[in-house]
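**Q** Next up is a structure, given as C-alpha coordinates.
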Amino acid sequence: MEGKALMCGGESSKLLAATLANFEAQIAGPFLMGEAFSLADAAAAPMFQRMMSETARFGLQAGTHPRIFAWWSAVSDRPSFSKTVVSSYWWWW
(Lines give C-alpha, C1' and ligand atoms only; values in the text may rest on other atoms or scores of the structure.)
Protein backbone atom coordinates (compact mmCIF):
# COMPACT_ATOMS: atom_id res chain seq x y z
CA MET A 1 0.00 0.00 0.00
CA GLU A 2 1.43 3.37 -0.95
CA GLY A 3 0.92 7.11 -0.86
CA LYS A 4 -2.52 8.37 0.04
CA ALA A 5 -3.85 4.87 0.79
CA LEU A 6 -1.22 4.49 3.51
CA MET A 7 -2.55 7.57 5.28
CA CYS A 8 -6.26 6.76 5.16
CA GLY A 9 -6.80 4.40 8.07
CA GLY A 10 -7.17 0.75 8.99
CA GLU A 11 -4.16 -1.50 8.86
CA SER A 12 -2.26 1.22 7.04
CA SER A 13 -2.59 3.53 10.03
CA LYS A 14 -1.19 0.79 12.26
CA LEU A 15 1.75 0.36 9.89
CA LEU A 16 2.41 4.11 9.90
CA ALA A 17 2.22 4.21 13.72
CA ALA A 18 4.73 1.36 13.96
CA THR A 19 7.02 3.06 11.45
CA LEU A 20 6.89 6.34 13.38
CA ALA A 21 7.65 4.50 16.65
CA ASN A 22 10.66 2.86 14.99
CA PHE A 23 11.83 6.20 13.59
CA GLU A 24 11.39 7.76 17.05
CA ALA A 25 13.57 5.06 18.62
CA GLN A 26 16.35 5.48 16.04
CA ILE A 27 16.96 9.21 16.56
CA ALA A 28 20.33 9.65 18.26
CA GLY A 29 19.69 13.38 18.75
CA PRO A 30 19.58 16.13 18.05
CA PHE A 31 19.96 14.84 14.50
CA LEU A 32 19.30 11.31 13.26
CA MET A 33 22.89 10.13 13.57
CA GLY A 34 23.86 12.26 16.57
CA GLU A 35 25.28 15.73 16.94
CA ALA A 36 25.88 16.51 13.27
CA PHE A 37 23.40 17.06 10.45
CA SER A 38 23.86 14.24 7.92
CA LEU A 39 22.60 12.90 4.62
CA ALA A 40 20.06 10.87 6.63
CA ASP A 41 18.50 14.09 7.93
CA ALA A 42 18.50 15.64 4.46
CA ALA A 43 16.74 12.56 3.06
CA ALA A 44 14.07 12.37 5.78
CA ALA A 45 13.32 16.09 6.10
CA PRO A 46 11.19 16.58 2.95
CA MET A 47 8.74 13.83 3.93
CA PHE A 48 8.55 15.11 7.48
CA GLN A 49 8.01 18.67 6.26
CA ARG A 50 4.75 17.44 4.80
CA MET A 51 3.88 15.28 7.80
CA MET A 52 4.61 17.98 10.37
CA SER A 53 2.25 20.35 8.57
CA GLU A 54 -0.60 17.92 9.34
CA THR A 55 0.42 16.24 12.58
CA ALA A 56 -3.11 15.19 13.57
CA ARG A 57 -3.70 13.41 10.26
CA PHE A 58 -0.55 11.38 10.69
CA GLY A 59 -0.95 10.67 14.40
CA LEU A 60 2.12 12.66 15.38
CA GLN A 61 1.99 14.06 18.92
CA ALA A 62 4.76 15.73 20.89
CA GLY A 63 3.94 13.63 23.95
CA THR A 64 4.15 10.37 22.02
CA HIS A 65 6.97 11.33 19.65
CA PRO A 66 9.22 13.75 21.57
CA ARG A 67 12.38 12.75 19.68
CA ILE A 68 10.71 13.32 16.30
CA PHE A 69 9.52 16.77 17.39
CA ALA A 70 12.96 17.67 18.80
CA TRP A 71 14.63 16.36 15.63
CA TRP A 72 12.20 18.31 13.46
CA SER A 73 12.92 21.48 15.42
CA ALA A 74 16.68 21.00 14.95
CA VAL A 75 16.30 20.34 11.22
CA SER A 76 13.76 23.06 10.46
CA ASP A 77 15.81 25.67 12.37
CA ARG A 78 18.71 25.23 9.96
CA PRO A 79 18.99 28.11 7.46
CA SER A 80 19.95 25.64 4.73
CA PHE A 81 16.68 23.79 5.27
CA SER A 82 14.49 26.89 5.34
CA LYS A 83 15.84 27.85 1.91
CA THR A 84 14.41 24.63 0.45
CA VAL A 85 10.88 24.82 1.86
CA VAL A 86 8.13 24.75 -0.75
CA SER A 87 4.83 26.21 0.42
CA SER A 88 2.57 24.45 -2.07
CA TYR A 89 1.43 20.93 -1.25
CA TRP A 90 -0.90 20.47 -4.21
CA TRP A 91 1.20 17.54 -5.42
CA TRP A 92 1.03 15.66 -2.11
CA TRP A 93 -2.49 14.30 -2.56
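**Q** Quick one: Karplus J couplings for region 61-78, per residue in order, coefficients 6.51, -1.76, 1.60, θ = phi - 60°, nearest Hz, x for Gly and Pro?
**A** 9, 4, x, 8, 10, x, 5, 5, 5, 5, 4, 4, 4, 4, 5, 6, 7, 6
**Q** Using protein chains only and a probe of 1.4 angstrom, how many square angstrom of Val86 are accessible, to the nearest 10?
**A** The value for Val86 is about 70 Å².
**Q** Which value in Å does the Kirkwood hydrodynamic radius of region 14-55 take, with 1/r averaged over all unlike C-alpha pairs and then inverted?
**A** So the Kirkwood estimate lands at 11.0 Å.
The values are calculated or read from the model by the stated rules, or taken from the named source; none is laboratory data. If you're wondering where the values come from, they're calculated on a predicted model, not measured in any experiment. Areas reflect the complete protein model, heavy atoms only, side chains present, ligands, DNA and RNA absent. Shrake-Rupley method; radii C 1.70, N 1.55, O 1.52, S 1.80 Å.
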